[in-house]
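Asks: First the structure, then my questions, so here it is.
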Amino acid sequence: MTTLLHVGIMSNMKATLIARTRIVYSTQAFAELILWRVPKPVSGSDHEFKYRLAYVVNTICVVRYGNEVGKGNHRHFGAKESSYRFSTTERLMADFQKDIARWNDENSNS
C-alpha cells in the first residue's frame, strides 16, 4: 500500500483512510485496495476497520473482500459469496493475494 490520505467521511462517521491503491497486473487485470480505520465497528463487524478489496479481470470483478454495513466480513470468489473471518489487516491482504493467485491459476486457460 503506497497511497496514504488522512480523513474521509463515511455514513456520517469520521474515518481515517489508511490505504488506497491500485495494483496493475496486466492490461486486463488490476486490484484496488481501500482500507479505513473507523471510530467504531461497522454493523456486522467487530473490529476498527472498513475495507473494500477488489480484483478485476477483463472489466469483471472476480475476487472481492468487504465488510459493508449490515453484511459483515465476507468475500466473493467468482459467483460464490462466503463469510470471512477477519483477524488482522496483514492477514486480510495475504488472504486476498492468495485468492488472486488461486483465481489466476484456476482461470489461466480462459
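Asks: In the chain, what % of DSSP beta bridges are antiparallel (nearest 5)?
Replies: Taking every DSSP beta bridge with both residues in the chain, the antiparallel ones total about 100 percent.
Asks: Do you know the Lys pair count in the chain for C-alpha distances under 12 Å, with sequence separation 8 or more or different chains?
Replies: 4
Asks: Run the helix sum for the chain: -39,500 (n - 2.57) per DSSP H stretch of 4+ residues, divided by residue count, reported at 222 nm to the nearest 500 deg cm²/dmol.
Replies: -5500 deg cm²/dmol
Asks: What is the distance, in nm, between label points placed 7 Å from the Cα along the Cα-to-Cβ direction at Thr21 and at Ala94?
Replies: 1.7
Asks: Using only Cα atoms and rounding to the nearest 10 degrees, what angle (0 to 90) does helix 89-106 make with the longest principal axis of the chain?
Replies: 20
Asks: Here is a follow-up. For the chain, modelled as a Gaussian network with Cα springs under 10 Å, which listed residue fluctuates most, Tyr55, Tyr25, Tyr65?
Replies: Highest fluctuation of the listed residues: Tyr25.
Asks: So what are the ³J(HN,Hα) numbers for region 41-50, from phi and the Karplus equation (6.51, -1.76, 1.60; θ = phi - 60°), rounded to whole Hz, Gly and Pro as x?
Replies: Ordered by residue, 3J(HN,Hα) equals x, 6, 3, x, 10, 10, 9, 8, 10, 10 Hz.
Asks: If you don't mind, there's one more thing I want to ask. For the chain, what is the accessible area per residue in Å², given a 1.4 Å probe and the full set of protein chains?
Replies: Value for the chain: 62 Å² per residue.
Asks: Now, a different point. For the chain, what is the relative contact order in percent, using Cα pairs closer than 8 Å and at least 6 residues apart in sequence?
Replies: About 15 percent, as a whole number.
Asks: Could you work out which residue, out of Ser82, Ser43, Ser26, moves most in a Gaussian network model of the chain, that is, has the largest mean-square fluctuation with Cα springs under 10 Å?
Replies: Sorting by GNM fluctuation, first place goes to Ser26.
Asks: How far apart, in nanometres, would the label points at Ala79 and Asp46 be if each is projected 7 angstrom from Cα along the Cα-to-Cβ direction?
Replies: Distance between the two pseudo-spin positions: 3.4 nm.
Asks: Follow-up. Quick one: which residues, 5 or more positions from His47 or on another chain, have an amide H under 5 Å from its amide H? H modelled 1.01 Å from N in the peptide plane, none for Pro or chain starts.
Replies: Amide H to amide H, under 5 Å and 5 or more residues apart or across chains, His47 pairs with Val42.
Asks: Can you tell me the FRET efficiency between Ser108 and Glu32 if r is taken as the Cβ-Cβ distance and R0 is 25 Å, rounded to the nearest 0.05?
Replies: Taking R0 as 25 Å, the efficiency between Ser108 and Glu32 is 0.70.
Asks: Per the 1.4 Å probe, what fraction of the accessible area of the chain, in percent, lies on carbon and sulfur atoms?
Replies: Looking at the chain in its full context, I get 51 percent from C and S.
Asks: Using a Gaussian network model of the chain whose springs link C-alpha atoms within less than 10 Å, name the residue from Ile34, Ile100, Ile60 with the highest mean-square fluctuation.
Replies: Ile60
The values are calculated or read from the model by the stated rules, or taken from the named source; none is laboratory data. Since the model is a prediction, treat every value here as computed from it, not as a measurement. As a convention, Cβ positions derive from the backbone with ideal geometry for all residues, glycine included, and neighbour counts pool all protein chains shown. Calculation scope for accessible area: heavy atoms of the full protein, side chains included, ligands and nucleic acids excluded. Shrake-Rupley method; radii C 1.70, N 1.55, O 1.52, S 1.80 Å.
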